[in-house]
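Mind looking over this structure? Questions follow.
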Amino acid sequence: MPAIEQLLSLAEEHTRLTGRPLVTLSYAQSLDGSLTLSRGAPLAISSPETQRLTHQLRAMHDAILVGIGTVLADDPRLTVRLVEGADPQPVVLDSRLRMPLSARLLSGRRKPWIACLPDTDKIQQQHLEMLGAQVLPLPAGVGGVSLPDLLRVLAQRGVFSLMVEGGAQVITRFLASRLVDQAVITLAPFFAGGLSAVESPLAHPGDDLMPALPRLDPLEFTRLGADLVVWGRLNYP
Ligand SMILES: NC(=O)c1ccc[n+]([C@@H]2O[C@H](COP(=O)([O-])OP(=O)(O)OC[C@H]3O[C@@H](n4cnc5c(N)ncnc54)[C@H](OP(=O)(O)O)[C@@H]3O)[C@@H](O)[C@H]2O)c1
């Protein structure tokens, strides 16, 4: 994926110019755009080949971000175990510190940074910190924690490239905030009729969601195992 690698090679300069990391959105969906069958229910969508691609992409980024909904549903490790390379720094959007103390992210080599709101449970914060997590209290924004504030803090901590893996609410908020620079999306060849990767604007009345139609331009694609992978830069008309 030369186009993806080329943009990533400019991540440090991008961060210096914009004050935020370069953001790559990456997830797997069924043909009808479902991330999983229903919210909170894990579903293996990728083939072994595209799972490996996901791990390669993770290894190319400084940090990887998911929402607490994904932690609760999938208990992910967010590592690069299928390829050689360094694990990215895990970051979780978790306004109210719902992260279970048994989460696999807390027993990994790189302990998560947890972005929350300032008025969270201090006891839970202490428990998470005792397990190695760093809790980052941040201002509120649409959908929970303010994404621009989080990205600014990540840049200050030396994160030049951030991979955003989901789930649906996080994907939607990053797109609606025009904070995605490029995307790599796996299309698996089945229909699921489940949780849509991008939520309907109707779900958030009055919330200026998706004012325009962000598109991949130019679009590139390849077949990998049983899946199709599409990627490109995000353009916001
Ligand atoms: N196929 C794939 O590639 C893939 C990838 C990832 C996940 N998934 C699936 O997606 C599902 C989870 O998606 P989800 O939509 O329920 O949850 P999610 O997007 O993972 O997490 C959403 C939660 O993050 C917190 N949050 C804090 N600040 C936020 C902000 N600014 N914007 C958005 N969220 C913010 C909110 O919880 P608080 O209010 O408590 O902070 C929010 O409810 C799971 O079933 C998982 O299996 C699939």
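Evaluate the following for Pro88: is it buried (at least 16 other Cβ atoms within 10 Å of the Cβ) and more than 14 Å from the ligand (Cβ to nearest atom)?
Values: buried (at least 16 other Cβ atoms within 10 Å of the Cβ): yes; more than 14 Å from the ligand (Cβ to nearest atom): yes.
So Pro88 passes the test.
Let me ask something else. Being surrounded by 19 or more Cβ atoms within 10 Å (Cβ to Cβ), of a type in the set (A, V, I, L, M, F, W, C), at pLDDT 95 or above and closer than 18 Å to Leu25 by Cβ narrows it down to one of Leu65, Leu105, so name that one.
Leu65
Okay, residues lined up against (1) away from the ligand (no atom under 12 Å from the Cβ); (2) over 27 Å from Gln156 (Cβ atoms):
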| site | (1), (2) |
| --- | --- |
| Thr18 | yes, no |
| Leu22 | yes, no |
| Leu25 | no, no |
| Ser30 | no, yes |
| Ser34 | no, yes |
| Ser38 | no, yes |
| Ala63 | yes, no |
| Ile68 | no, no |
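Tell me which of these Leu57 doesn't satisfy, since it passes every other one: (1) closer than 13 Å to Ser26 by Cα; (2) in contact with a Pro (Cβ under 9 Å, 6 or more places away or on another chain).
Here Leu57 meets the rest and fails (2).
Going through the stretch 157-185 one residue at a time, which ones are on the phi > 0 side of the Ramachandran plot and in a helix (DSSP H, G or I)? Break it down stepwise before answering.
Going residue by residue through the stretch 157-185, those that are on the phi > 0 side of the Ramachandran plot are 158, 166, 178.
Selection gives nothing.
So, one more: Please indicate, with yes or no, whether at least one residue in the stretch 49-71 is more than 12 Å from the chain's Cα centre (by Cα), more than 25 Å from Leu147 (Cα to Cα) and of a type in the set (Ser, Thr, Tyr).
Yes: one or more hits.
Testing Leu117 on (1) under 16 Å from the mean Cα position of the chain (by Cα); (2) crowded, with 17+ Cβ neighbours inside 10 Å; (3) within 11 Å of the ligand (Cβ to nearest atom), one condition comes back false. Which one is that?
Leu117 satisfies every listed condition except (1).
Another question about this same structure. Among the residues of the stretch 130-181, how many are among the charged types (D, E, K, R), more than 9 Å from the ligand (Cβ to nearest atom) and at pLDDT 95 or above?
Quick first cut of the stretch 130-181, residues among the charged types (D, E, K, R) only: 149, 152, 157, 165, 173, 178, 181.
The next check asks that each one be more than 9 Å from the ligand (Cβ to nearest atom); those that pass are 149, 152, 157, 178, 181.
If we keep only those that are at pLDDT 95 or above as well, we get 149, 152, 157, 181.
So the count comes out to 4.
Give me the pairs: first residue in the stretch 6-33 and closer than 22 Å to Gly67 by Cα, second residue hydroxyl-bearing (Ser, Thr, Tyr) and within 16 Å of the ligand (Cβ to nearest atom), beta-carbon distance under 6 Å, and six or more apart or on different chains, which are they?
Ala28/Ser46; Ala28/Thr186; Gly33/Ser196
Looking at the stretch 60-72, I want the residues that are under 11 Å from Asp87 (Cβ atoms) and have a partner that is part of a helix (DSSP H, G or I) and of a type in the set (Lys, Arg) with Cβ atoms under 9 Å, at least 6 apart or on another chain. Which pairs are those?
Listed pairs, sorted by first residue: Ile64/Arg58.
The values are calculated or read from the model by the stated rules, or taken from the named source; none is laboratory data. Predicted model, so just to flag it, every value in this text is computed and none were measured. Please note: Cβ atoms are built from the backbone with ideal geometry, for glycine as well, and neighbour counts cover all protein chains shown.
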